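The values are calculated or read from the model by the stated rules, or taken from the named source; none is laboratory data. Please read all numbers here as calculations on a predicted model, not as lab measurements. Cβ sites come from the backbone with ideal geometry, for glycine too, and all protein chains shown count toward neighbours. With ligands, DNA and RNA removed, areas are computed over all heavy atoms of the protein, side chains included. Shrake-Rupley method; radii C 1.70, N 1.55, O 1.52, S 1.80 Å.
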Amino acid sequence: MTDPRKIEVFSPETLSAAVQVLAEVGSEAHILAGGTDLMVALEKGFWQPKGFVLNISRIEPELRYIRMEDGDVCMGALTTFADIARSDLLNTEAPSLVAAAREIGAQQIQNRATIGGNIMNASPAGDSMPPLLALDARVVLKSNEGPRTLPLFSFYPAYRETVSQPSELLTEVRIARRDSPTQDYFRKVAPRRAQAISKVILAARAWNVEETEEGPRIGSIRLGVGSVAPTPLRLFETERLLEKAVLTPSLMGAAGHMLETEISPIDDMRSTAEYRRQVCRRLLDDFLSNLLLES
Amino acid sequence: MKITFELNGALTTVDSPPLARFLDVLRDTLGLTATKEGCGEGECGTCSILVDGEVVNACLLPAIQVFGRSVETLESLSDPAGPLSKLQESLLATDGAQCGICTPGMVMAGTAFLRQLKATGAQPCDRSIRQAIAGNLCRCTGYSKIIEGIKMAAAQGTPQESAHD
Ligand SMILES: Cc1cc2nc3c(=O)[nH]c(=O)nc-3n(C[C@H](O)[C@H](O)[C@H](O)COP(=O)(O)OP(=O)(O)OC[C@H]3O[C@@H](n4cnc5c(N)ncnc54)[C@H](O)[C@@H]3O)c2cc1C
Ligand code: FES
Ligand code: FES
């Protein structure tokens, strides 16, 4: 076997050149972005690249940006978590994603780790996906046949798998700009604040929270969770139960039950299924009981 | 393969396997051993260097990705015969270095932080300093003395710039 560090690396200068390579020999290509997952895997021998490595870091001019376009906030795949943490636009439009970015690794990691790498690495414990799910994010995949855009909630069919094809490159993440004020939440439970893999993650967004005679009523809600299922997960059923209903203690109890039926946590080296189930429920309670009424 | 980049202000070309760890290129190919290896997996920060002014872990950096970038290592802050940088002096004064294994990385992360303070005019606080060095593990000092040292350097004004800027 050849030394994996000596494997051939191709570093295209443009997006179209990268996509052309994927069209021709995509099934042999290993895409390299910031390398924070891949270099660890290489060091530990978990990653044995066979074909060649497609280093996309030189396409930065085309793939590293945060900007508004057609009413969407758009992030290029090579946007780093440091870029996200210091973006005024995202601090306003996506505070839960900014909160996640600030807790990913430490400064050294945030300066290198890309949002595209986090999404494509497809770890159930990836920190950016729960907020992106709660923000109704869509991802853009590009091949030389053109781009396709799909909601992130349909992106992970199984543990560590995505629906992306070998001929495709993830190029962009899009979030619709808010049209009314929202209440946003991100909570990562981990042994320490920096450099820690999550045990449970809950991200949420609610809007149109109104006062009624019987109590507050949530107009719309989105819930994304991590580390409690084989894939990052959006809690559609729990959302449905909570939307347009009056938030009474019994509804909160029912929502907690529903959440438990939607997640499927496991015991592993970081935590237990039971702990994850309870904490995930508590995080939902925390979000719901701190919702502010809009006047 | 040949990789050209700026190293501590000088245009440099090395011949290296593309996915070699840049840490090994520095230490083994270029003989620059101020940058240390601890964990080798991005956790400890003792291999911290600056790439285009941002602190990163050299153990996670594939050699090919320094192409065309500007790299600064601890060697750029002071040379053995010359004066130390303000941050290095401050860490000495506060006993912020004990066994010394974390120190090269602390100095680089601290330098990046001090430059950022200077650029934004922000005042340092314990929280922001802790955040800046959260990726640098120290088993000796309990961090307080390092934080004190960074504060002291910040109070003295600008951090020592590397030789070339
Ligand atoms: C010390 C340390 C701490 C960490 N802490 C956290 C943490 O707190 N939270 C967290 O979520 N993660 C954490 N990580 C994991 C990692 O940093 C993130 O997953 C990061 O976002 C990966 O991005 P990258 O650019 O470095 O990816 P790479 O390592 O370059 O690639 C990761 C995967 O994505 C694929 N890929 C990358 N970009 C694209 C693209 N545009 N199109 C298609 N495929 C692509 C690659 O082929 C590879 O399979 C940590 C890692 C380390 C080493
Ligand atoms: S040796 Fe690079 S972070 Fe520990
Ligand atoms: S001084 Fe010993 S590890 Fe920090």
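Odds and ends about this structure:
- Looking only at the range B:66-89, and only at residues there that are touching a strand residue (DSSP E or B) at 6+ places or on another chain (Cβ under 9 Å) and open to solvent by less than 20 Å² (accessible area, probe 1.4 Å), the one that is farthest from ligand 3 (Cβ to nearest atom): B:VAL66
- Hits in the range A:39-67 - residues which are among the hydrophobic types (A, V, I, L, M, F, W, C), in contact (Cβ under 8 Å) with a residue 40 or more places away in the chain and within 8 Å of chain B (Cβ to nearest Cβ): A:VAL53
- Being part of a loop (DSSP other than H, G, I, E, B) and open to solvent by less than 60 Å² (accessible area, probe 1.4 Å) is a property that B:ALA122 has.
- Qualifying residue in the range A:196-214 (condition: surrounded by fewer than 21 Cβ atoms within 10 Å (Cβ to Cβ) and within 14 Å of chain B (Cβ to nearest Cβ)): yes
- Among the criteria (1) under 18 Å from A:CYS280 (Cβ atoms); (2) open to solvent by 40 Å² or more (accessible area, probe 1.4 Å); (3) within 14 Å of chain B (Cβ to nearest Cβ), the one A:ALA190 does not fulfil is (2).
- Checking each residue of the range B:90-101 against the condition of being crowded, with 24+ Cβ neighbours inside 10 Å, more than 16 Å from ligand 3 (Cβ to nearest atom) and of a type outside the set (Asp, Glu) gives no match.
- Of the residues B:GLY68, B:GLY9, B:GLY96, B:GLY82, the single one that is out of contact with any Leu (no Cβ under 6 Å at 6 or more places or on another chain) and within 14 Å of chain A (Cβ to nearest Cβ) is B:GLY68.
- Scan of the range B:53-65 for residues that are of a type in the set (Val, Ile, Thr) and either away from ligand 2 (no atom under 15 Å from the Cβ) or surrounded by fewer than 24 Cβ atoms within 10 Å (Cβ to Cβ) (or both), ordered by number: B:ILE64
- In the range A:16-35, the qualifying residues are those that are among the aliphatic types (A, V, I, L, M), touching a Ser or Thr at 6+ places or on another chain (Cβ under 7 Å) and more than 14 Å from every other protein chain (Cβ to nearest Cβ), and the one that is surrounded by the fewest Cβ atoms within 10 Å (Cβ to Cβ) is A:ALA23.
- Residues of the range A:60-82 satisfying the condition of being in a loop (DSSP other than H, G, I, E, B) and open to solvent by less than 20 Å² (accessible area, probe 1.4 Å): A:ALA77, A:LEU78, A:THR79
- When B:THR4 is tested against the conditions (1) away from chain A (no Cβ under 14 Å); (2) under 23 Å from A:SER57 (Cβ atoms), the lone failure is (1).
- The listed residues are A:ALA125, A:ALA176, A:ALA137, A:ALA101, and the only one of them that is small (Gly, Ala, Ser), away from every other protein chain (no Cβ under 14 Å) and in contact with a helix residue (DSSP H, G or I) (Cβ under 6 Å, 6 or more places away or on another chain) turns out to be A:ALA137.
- Residue list for the range B:73-104, filter: out of contact with any Lys or Arg (no Cβ under 8 Å at 6 or more places or on another chain) and within 16 Å of ligand 2 (Cβ to nearest atom): B:THR73, B:LEU74, B:GLY100, B:THR103
- Residue within the range B:35-52 that is charged (D, E, K, R), within 14 Å of chain A (Cβ to nearest Cβ), surrounded by 24 or more Cβ atoms within 10 Å (Cβ to Cβ) and in contact (Cβ under 8 Å) with a residue 40 or more places away in the chain present: no
- Lone unmet requirement of (1) buried (at least 19 other Cβ atoms within 10 Å of the Cβ); (2) touching a strand residue (DSSP E or B) at 6+ places or on another chain (Cβ under 9 Å); (3) under 29 Å from B:ILE133 (Cβ atoms) for A:ALA85: (2)
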